[in-house]
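Asks: So that we are looking at the same thing, I have put the structure below in structure tokens.
The values are calculated or read from the model by the stated rules, or taken from the named source; none is laboratory data. What you see is a predicted model, and the numbers here were worked out from it, not measured in a lab. Because the Cβ atoms are built from the backbone with ideal geometry, glycine has one as well, and the counts that use them run over all protein chains shown.
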Amino acid sequence: MKKITLAAILMLVGMVVYAQPLTLDKANSQLSILGTSSVHDWASIVEKFDASATLKDNELANVKFEAQVKSIKSGKSGMDKNTYTALDADHHSKISFAASSLKIEGDKLTGNGSLTIKGKTNQIPVSLSIQQKGVYIISGEIDLKMTDYGVEPPTALLGTIKTGDTITIAITLSLKK
């Protein structure tokens, strides 16, 4: 009986050590969207987002990320309204990313995942930095074209101000055990 109990305990400990769930430390995470226009560069902050993953050996498995579209804020209500219209926020309230596995190799996190914006999903490559300091800090930038997701780059003042098609997603995610 003692052997069975000991074996069961060792199995459970092994499973806990092998796969550790990671959750977002919101206070130490930030997500920004950077872009250009015919007048000036611009930036918006995403205020509401969440992320999770499972740490397994040298990979992050079951990676999930979700951002609330109407939490994208530029500090200018007119620009925010144009952003929500371009993203069809009333019908597509979330932007999401999912990957079954991203590899950790030294200080790099690499792989591919599915990014969904405005209901359109594309596979994208991921190459970000990762630091392991008690928490896992993932940082870097990902460049995207809005038109790849059916998003018409916003305009203002009857089309005299035009937003560039390419945007940069600047990421700093702190994931904790």
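Asks: Taking only region 151-173 into account, find how many residues are under 25 Å from the mean Cα position of the chain (by Cα), part of a strand (DSSP E or B) and either farther than 16 Å from Ile45 by Cβ or of a type in the set (Val, Ile, Thr) (or both). Explain how you work it out, then say what you get.
Replies: Here is the first cut: in region 151-173, the ones under 25 Å from the mean Cα position of the chain (by Cα) are 151-154, 163-173.
In the following step, the residues that additionally are part of a strand (DSSP E or B) were identified as 163, 166-173.
Keeping just the survivors that are either farther than 16 Å from Ile45 by Cβ or of a type in the set (Val, Ile, Thr) (or both) gives 163, 166-169, 171-172.
Final tally of qualifying residues: 7.
Asks: Still on this structure: I'd like to verify a number: residues in region 106-150 that are in a loop (DSSP other than H, G, I, E, B) and farther than 30 Å from Lys76 by Cα, how many? Walk me through it before giving the result.
Replies: Of all residues in region 106-150, those in a loop (DSSP other than H, G, I, E, B) come to 106-107, 118-119, 134, 150.
After this cut, where a residue has to be farther than 30 Å from Lys76 by Cα as well, the list is 106-107, 134.
Count: 3.
Asks: Looking at region 108-123, which of its residues are surrounded by 16 or more Cβ atoms within 10 Å (Cβ to Cβ) and farther than 21 Å from Asp88 by Cα? Don't jump to the end; show me each part of the working.
Replies: Initial filter on region 108-123 (surrounded by 16 or more Cβ atoms within 10 Å (Cβ to Cβ)): 109, 111, 113, 115-118.
Passing the criteria: Leu109, Gly111, Gly113.
Asks: Still on this structure, please answer the following. Restricting the first residue to region 52-77 and requiring it to be assigned to a strand (DSSP E or B), which pairs with a second residue that is of a type in the set (Phe, Trp, Tyr) and crowded, with 20+ Cβ neighbours inside 10 Å meet a Cβ separation below 6 Å and a spacing of at least six or different chains?
Replies: Phe65/Phe97; Ala67/Phe49
Asks: Next up: Just wondering, is there one or more residues in region 134-152 that are modelled with pLDDT of 95 or more, among the basic types (Lys, Arg) and over 26 Å from Asp80 (Cβ atoms)?
Replies: no
Asks: Glu47: loosely packed, with under 15 Cβ neighbours inside 10 Å, acidic (Asp, Glu) and either closer than 20 Å to Lys176 by Cβ or modelled with pLDDT of 95 or more (or both), yes or no? Can you show your working first?
Replies: On the way: loosely packed, with under 15 Cβ neighbours inside 10 Å: yes; acidic (Asp, Glu): yes; either closer than 20 Å to Lys176 by Cβ or modelled with pLDDT of 95 or more (or both): yes.
So Glu47 fits the description; yes.
Asks: Can I ask one more? Could you list all residues from region 86-107 that are aliphatic (A, V, I, L, M), crowded, with 20+ Cβ neighbours inside 10 Å and within 21 Å of Ile137 (Cβ to Cβ)?
Replies: Within region 86-107, Ala99, Leu102 meet the criteria.
Asks: Tell me whether region 122-129 contains one or more residues that are in contact with a Pro (Cβ under 9 Å, 6 or more places away or on another chain) and modelled with pLDDT of 95 or more. Walk me through how you get there before you give the answer.
Replies: Initially, region 122-129 is screened for residues in contact with a Pro (Cβ under 9 Å, 6 or more places away or on another chain), giving none.
No, because not a single residue in region 122-129 is in contact with a Pro (Cβ under 9 Å, 6 or more places away or on another chain) and modelled with pLDDT of 95 or more.
Asks: Also: Six or more apart or on different chains, Cβ atoms under 6 Å: show the pairs whose first residue is in region 124-138 and farther than 12 Å from Leu22 by Cβ and in contact (Cβ under 8 Å) with a residue 40 or more places away in the chain and whose second is surrounded by 12 or more Cβ atoms within 10 Å (Cβ to Cβ) and of a type outside the set (Ser, Thr, Tyr).
Replies: These pairs meet every condition: Leu128/Leu109; Leu128/Ile138; Leu128/Gly140.
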